[in-house]
Amino acid sequence: MDQDPSLGLPFRTLNGKICIQRELEVTNTKEYKDIVHEFDIEETCEWIINNNYSKVCLQFPDDLLPVSAKIYEEIKKRNDVDLYILGDTSYASCCVDAVAAMHVQGDAVVHYGRSCFTKSEIPVFTVLPKKELNLLRVKNILLKNFNSDKDIKLCLFYDAEFEHCKDELVKFWFLQYWKSYIAFIAIDDKNKRFLGRVIKDKHEDEYFVDVLKDCICIYVGLNGQTVFNYTISIEAKKWFLLDPETIKIESREESKWFKRRRFLIEKCKDANVVGILICKLAGEQTKDIIKRLKKLCQSNGKKSYIISVGKPNVAKLANFPEIDIYVMVACPENELYNNRDFYKPIVYPFELEVALNSNREPFFTTHITDLMSYFQARDITVISMRLKNLQM
């Protein structure tokens, strides 16, 4: 029997009239006091004007869609430009949806929310999220756990949400730990950039990420995929996570995760049919990596199929029972690599490379999650192999 929705009770009904007339409550969304400051409206307009763009796409993650219309209006007030709002992105909201922008022949994209900082084929202006940081409490916990960098150097990583208030944190850090480093956010592509970061010292000299091998790294931010990528990809003496909300600091150890990945590498060797799962927008880099993965499979006598199903889920991939293992081409922020709900395992391109390329070192202590780093490491392997052949 149908129940009255006015009673506020959960109910199910097949009555079409009730379904159409039912009133649904909209969940409360976050209110922003100053949209112009929170979303860098002035800077965005300046960037559009300076580059003479006439058609710009505004890309939002799901949680920012309720405020997208207001941002649209604020930019329109200051700039006579054609604007398009991009909502449901093709894959992950952290990636720039260049394909959607091409549908409207957009000149550029303004990307809002968290970013994976991967290279895009279209001009991008990145507006990072802003979150308040209790600097005093963070300073106290750092001083309590790390007196100085006399015996060992330190490196500070901070979440992208704190980019807007990093100046005071940087000033304190180099005053207290003057021999140490900070991993600054680098939106633009640079030679020494790694996973969207550039390592700098007090004098603003830039270093490759290898310099952190003998350092203790501290990440200020919430536990999530971003800090996980750093801990498995960057070799350091030790990793710590400083949660700014609980003001607790804890050691990061991923040895169990590495054991499982080594097990999956063995599964790659046993697989007869490999599914190359595309979860990244098309581009030269994506094409190159697909070619590489197909070549690896072919040279090892394995069948490979390219599979593109939009955003993957268990039901979609269950339609391919002949696939033994999936290798997913995606950005580093994709959490599906560690998802165990799927019927068949999902591995990184790096793991397939280790499994099927005999010139790769089979044992590794750091992982490669970024596709650019994967290509660089692959090229180094090819060069070292050629040098060995010349010496022989």
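The values are calculated or read from the model by the stated rules, or taken from the named source; none is laboratory data. These numbers come from a predicted model, not from an experiment. In this analysis, Cβ positions are derived from the backbone assuming ideal geometry, glycine residues included, and neighbour counts consider all displayed protein chains. Keep in mind that these areas ignore ligands, DNA and RNA; they rest on the heavy atoms of the full protein, side chains included. Shrake-Rupley method; radii C 1.70, N 1.55, O 1.52, S 1.80 Å.
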Shape call, the range 137-291: gyration tensor on alpha carbons, a/c limit 1.5: prolate
Extended-chain gain in nm, criterion 0.36 nm per residue less alpha-carbon gap, Lys33 and His164: 45.5 nm
The range 278-338, accessible area per residue, ligands and nucleic acids excluded (1.4 Å, Å²): 49 Å²
Solvent-accessible area per residue, Å², over the range 164-222 with all protein chains present [probe radius 1.4 Å]: 51 Å²
Protection proxy ranking of 319-327, 183-191 - average other beta-carbon atoms within 10 Å, highest first: 319-327, 183-191
Estimated dipole of the chain in Debye, rounded to 20 [Cβ of Lys and Arg +1, of Asp and Glu -1, Cα centre]: 1760 debye
Neighbourhood charge, 10 Å Cβ-Cβ cut-off, centred on Asp40 and excluding it, Lys, Arg +1 and Asp, Glu -1: -3
Theoretical gain in end-to-end length, Leu143 to Glu206 [0.36 nm per residue, Cα-Cα removed]: 20.2 nm
In nm, spacing of pseudo-spin labels at Phe364 and Lys294 (7 Å Cα→C-beta vector): 2.3 nm
Protection-proxy order for peptides 64-74, 150-160, each taking the mean of Cβ atoms within 10 Å per residue, highest first: 150-160, 64-74
Centre separation in Å (Cα based) which lies between the range 323-360 and the range 151-217: 30 Å
Total formal charge among the other residues, if their Cβ is under 12 angstrom from that of Ser251, Lys/Arg +1 and Asp/Glu -1: +1
Label corresponding to Rg/Rh (Cα atoms, Kirkwood Rh) when calculated from the structure given, among [x] 0.93; [y] 1.00; [z] 1.05: [y]
Separation of the Asp63 and Lys316 label points, Cα + 7 Å toward Cβ, nm: 2.2 nm
Highest average packing first - 273-281, 39-47, 355-363, Cβ atoms within 10 Å: 273-281, 39-47, 355-363
Cα gyration tensor category, rounded, prolate or oblate, for the range 269-365 with a/c compared to 1.5: rounded
For the range 31-87, accessible area per residue (1.4 Å probe, heavy atoms of protein chains only), Å²: 58 Å²
Within straight-line cross-link reach of Lys179, aspartates and glutamates at Cα separation under 20 Å, skipping those fewer than 8 residues along the same chain: Asp149, Asp151, Asp167, Glu168, Asp201, Glu204, Asp205, Glu206, Asp210, Asp214, Glu235
28 Å Cα-Cα reach of Lys291 towards lysines, excluding residues that sit fewer than 8 places from it in its own chain: Lys119, Lys190, Lys192, Lys267, Lys269, Lys280, Lys302, Lys303, Lys311, Lys316, Lys344, Lys388
Accessible surface of the range 208-321, 1.4 Å probe, proportion on carbon and sulfur as whole %: 49 percent
